[in-house]
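Let me begin by handing over the structure; questions about it come next.
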Amino acid sequence: GGIHLGSAYSGGSGSLSLIQSIVAGNTAPLAPEILASGNSSVIADNFNLFGINGNAGISGFAPGATDIVPAPGVTLSQILDPVLASNGGSTLTHALVAGSPVLDTAGPDCPPPLTDQRGAARPQGTACDIGAVELGGIGGADLDGDGILDATDNCPTVFNPDQTDTDLVGPLGT
């Protein structure tokens with residue numbers, strides 16, 4: 001599942017503030033994105049996206065006027081790439097996709113932050129994108145999965161994390 005506040009494990013209370021966040025694609029029988037129960041509170045209404053396919057997937061609070069619930073028919077893969085990948089930076093991320101409802105919708109108070117999770121400048125479009133990464137920015141793919149973006153990889157089709165192989169055919173000496 002997603003986030004559960006107010007469970008017996010937390011003493012029936014908890015507090016969560018969301019700012020320009022994506023909470024989508026989780027699975028649970030009830031409120032797959034966020035379940036706020038007991039004496040818990042969720043502060044939203046700050047340019048967040050909740051759920052998929054017309055369903056916010058939340059219980060115990062309501063999205064605010066600036067928050068987005070994707071229209072019916074909008075799947076997770078139309079919001080972001082559901083596969084964690086090396087999209088630049090030092091951590092794996094979910095890349096945004098063209099046409100995503102989160103593009104250029106993070107509101108007038110962005111930036112800050114001046115960069116996304118990968119270090120790419122914000123905004124890349126007319127406004128910041130909701131979530132941890134901007135569409136575009138630190139560019140390119142990492143087709144060989146070695147953690148070096150293809151734009152700077154000396155062998156973009158061969159796993160070569162130390163960049164010592166330069167013959168484009170495989171391990172050194174082959």
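None of the figures in this text is laboratory data; all of them are computed from the coordinates on show. None of the values given here were measured: they were computed from a predicted structure. Using ideal geometry, Cβ is built from the backbone for each residue, glycine included, and neighbour counts are taken over all protein chains shown.
How many percent of all Cα-Cα pairs in the range 1-132 sit more than 21 Å apart? It would help to have the intermediate numbers written out before the result.
On the way: 3634 of 8646 pairs.
Tail fraction, whole percent: 42.
Measuring from centroid to centroid over Cα atoms, what is the spacing of the range 74-143 and the range 30-57 in Å?
Centre-to-centre (Cα) distance: 21 Å.
Along the range 37-44, what does the Karplus equation 6.51 cos²θ - 1.76 cosθ + 1.60 (θ = phi - 60°) give for ³J(HN,Hα), rounded to whole Hz, x for Gly and Pro?
Residue by residue, the range 37-44 yields 10, x, 9, 8, 9, 10, 9, 10 Hz.
Another question, then. For Asp162 and Ala121 in the same chain, what is the full-extension length gain: residue separation times 0.36 nm, less their Cα-Cα distance, in nm? Numbers along the way, then the final one.
Values: separation 41, 0.36 × 41 = 14.76 nm, distance 2.68 nm.
Here the segment from Asp162 to Ala121 would lengthen by 12.1 nm.
Another question, if that's okay. For the pair Ser7/Ala65, report the inter-label distance in nm, with labels modelled 7 Å from Cα in the Cβ direction.
3.5 nm
If I model a spin label at Leu114 and Leu84 as a point 7 Å from the Cα along the Cα→Cβ vector, what separation in nanometres do I get?
Calculated label separation equals 2.9 nm.
Rank by packing, highest mean first: peptides 61-74, 123-136, with packing defined as the count of other Cβ atoms within 10 Å averaged across residues. Present the calculation step by step, with values, prior to reporting the outcome.
On the way: 61-74: 15.6, 123-136: 20.4.
Ranking, from highest mean packing down: 123-136, 61-74.
What are the residues whose amide H is under 5 Å from the amide H of Asn48, where those residues sit 5 or more places off or on another chain and H is modelled from the backbone?
Sorted by chain and number, the residues that satisfy this are Gln20, Ser21, Asp67, Ile68.
So how do 49-60, 18-29 stack up, highest first, on mean other-Cβ count within 10 Å?
Working: 49-60: 20.2, 18-29: 18.0.
The packing order, highest mean first, is 49-60, 18-29.
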